[in-house]
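Presented below is the structure to which this report refers.
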């Protein structure tokens, strides 16, 4: 396991000379379409710190986009994955199966919401999980239409680009997209025209009305929703919105799919974000935090729905790779052992307290929101008009990067800073990271 001092250290300009040298090599050989938040090349990482090739140690408020929830080199993940590497790296579960895949499915059945019989299928990425959830829902219902929401993000494959709301950088120039995808309003409290208090009932009524009139409930195979939106801006749907949609789905034989790829596995202070309002989805998609940094994803759901697809209708050469499965068992072991949902709730307490105080001082912060260690600030040019301050968000992120704090932006308008620290981060680092955000705000 990588032992790395849990302290920020800036010894060169960021990026430093070795990173710049690697960046030149990258530019020569890596496709330009593959972006990076920071042109800083990582050498090692652990806990709440990432060290680059120049010896700079950055405080990590990104977790590889909510992936390294248990840290970048958690002992149980490294131990279990290393042991599996020594045994075998691959057989293909569809050729000769292995216990690790089954063990992950058993954990998913136990951990995901609901006490009904559940089954899972394992894949490589979040987008792949969402695509397979659609396949399963269509097979189960015999219907074709899929309903998604404003500000949604579900992936970069052709079908998941159709499901995703944001054009740049995800969809622009890549069409045509998969058909039979319908988009309805999201309950976005900060930007709801009649105010946050009306948002839940009004948005759910609008969404259900549009589905009924424009698509026909009898034609809908699946409603897919992120219980806390990720790339769309860390939007927590207004209370009542998700239960109303889940009820509508249940009454009309529609498969209700919770996309918990970014919000799942302790990130929001519960094992899964949909638990907050007691939502029990028919299917739940997971990835990111599931395996401590190794590529793994899952669709988990009601056994009768999961069994709808014909034998060999689901799968993929690498889906449920044994090393990734071993890593997932290590990540889940760590989450249980360290009570990471409680750690996420403590991170929320610390971050929201500080960020709300900053909002009082700086008018550019329009909203502070999120749950657990999935927290965001939305920046605006004017609090009355809520015009997005996109350039300011980019400048604030860059200023944080220069000081050795890794932060990410998101949001449909690119005006949201999102904070996704590893749940194992120390409170001293968390506080120092918040200090840097405040100092950078003051400088701007």
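The values are calculated or read from the model by the stated rules, or taken from the named source; none is laboratory data. Source: prediction; values computed, not measured. Every residue, glycine among them, receives a Cβ derived from its backbone with ideal geometry; neighbour counts consider all protein chains shown.
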All-but-one check, residue 394 against (1) crowded, with 19+ Cβ neighbours inside 10 Å; (2) part of a helix (DSSP H, G or I), failing number (1)
Given the conditions (1) part of a loop (DSSP other than H, G, I, E, B); (2) touching a helix residue (DSSP H, G or I) at 6+ places or on another chain (Cβ under 6 Å); (3) within 21 Å of residue 329 (Cα to Cα); (4) at pLDDT 95 or above, report the number of the one that residue 85 does not fulfil.
(1)
Matching residues in region 181-196 - criterion: being without any contact (Cβ under 8 Å) to a residue 40 or more places away in the chain, closer than 22 Å to residue 260 by Cα and either assigned to a loop (DSSP other than H, G, I, E, B) or not assigned by TED's automatic domain parsing to the domain that holds residue 213 (or both)
185
Residue 44 fails exactly one of the following numbered conditions: (1) buried (at least 19 other Cβ atoms within 10 Å of the Cβ); (2) part of a strand (DSSP E or B). What is the number of that condition?
(1)
Picked from region 82-110 (must be under 22 Å from the mean Cα position of the chain (by Cα) and over 14 Å from residue 282 (Cα atoms)), the residue surrounded by the most Cβ atoms within 10 Å (Cβ to Cβ) is 104
Conditions (1) in the same structural domain as residue 297 (by TED's automatic domain parsing); (2) not in a loop (DSSP other than H, G, I, E, B): number failed by residue 90
(2)
Matching residues, region 217-234, being touching a residue at least 60 places away in the same chain (Cβ under 8 Å) and more than 23 Å from the chain's Cα centre (by Cα)
218, 219, 220, 221
Restrict the check to region 65-81 and report whether at least one residue is assigned to a loop (DSSP other than H, G, I, E, B), out of contact with any helix residue (DSSP H, G or I) (no Cβ under 7 Å at 6 or more places or on another chain), at positive phi and surrounded by 21 or more Cβ atoms within 10 Å (Cβ to Cβ).
yes
Qualifying positions in region 400-409 - under 21 Å from residue 269 (Cβ atoms) and either assigned by TED's automatic domain parsing to the domain that holds residue 171 or surrounded by fewer than 24 Cβ atoms within 10 Å (Cβ to Cβ) (or both)
408
Residue list for region 413-444, restricted to those being over 23 Å from the mean Cα position of the chain (by Cα), crowded, with 19+ Cβ neighbours inside 10 Å and either touching a residue at least 60 places away in the same chain (Cβ under 8 Å) or under 27 Å from residue 289 (Cα atoms) (or both)
436, 441
Can you name the number of the only condition in (1) buried (at least 22 other Cβ atoms within 10 Å of the Cβ); (2) under 20 Å from residue 299 (Cα atoms) that residue 142 fails?
(1)
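Does region 164-180 contain at least one residue that is in a helix (DSSP H, G or I) and touching a residue at least 60 places away in the same chain (Cβ under 8 Å)? Even if it seems obvious, please write down each step before you answer.
From region 164-180, those in a helix (DSSP H, G or I) are none; that's our starting set.
No.
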Output the number of the condition that residue 410 fails; it satisfies all remaining conditions of (1) under 22 Å from the mean Cα position of the chain (by Cα); (2) free of Cβ contacts under 8 Å to residues at least 60 places away in the same chain; (3) closer than 22 Å to residue 35 by Cβ.
(2)
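It is to be established whether one or more residues within region 74-89 are in contact with a strand residue (DSSP E or B) (Cβ under 7 Å, 6 or more places away or on another chain) and closer than 30 Å to residue 376 by Cβ. Steps first, answer last, please.
Taking region 74-89 first, the residues in contact with a strand residue (DSSP E or B) (Cβ under 7 Å, 6 or more places away or on another chain) are none.
No, that holds for no residue.
Scanning for something in a loop (DSSP other than H, G, I, E, B) and crowded, with 24+ Cβ neighbours inside 10 Å, does region 51-59 turn up at least one residue?
Keep residues of region 51-59 that are in a loop (DSSP other than H, G, I, E, B), which gives 53-56.
So of that shortlist, the ones also crowded, with 24+ Cβ neighbours inside 10 Å come out as none.
Within region 51-59, none of the residues are in a loop (DSSP other than H, G, I, E, B) and crowded, with 24+ Cβ neighbours inside 10 Å.
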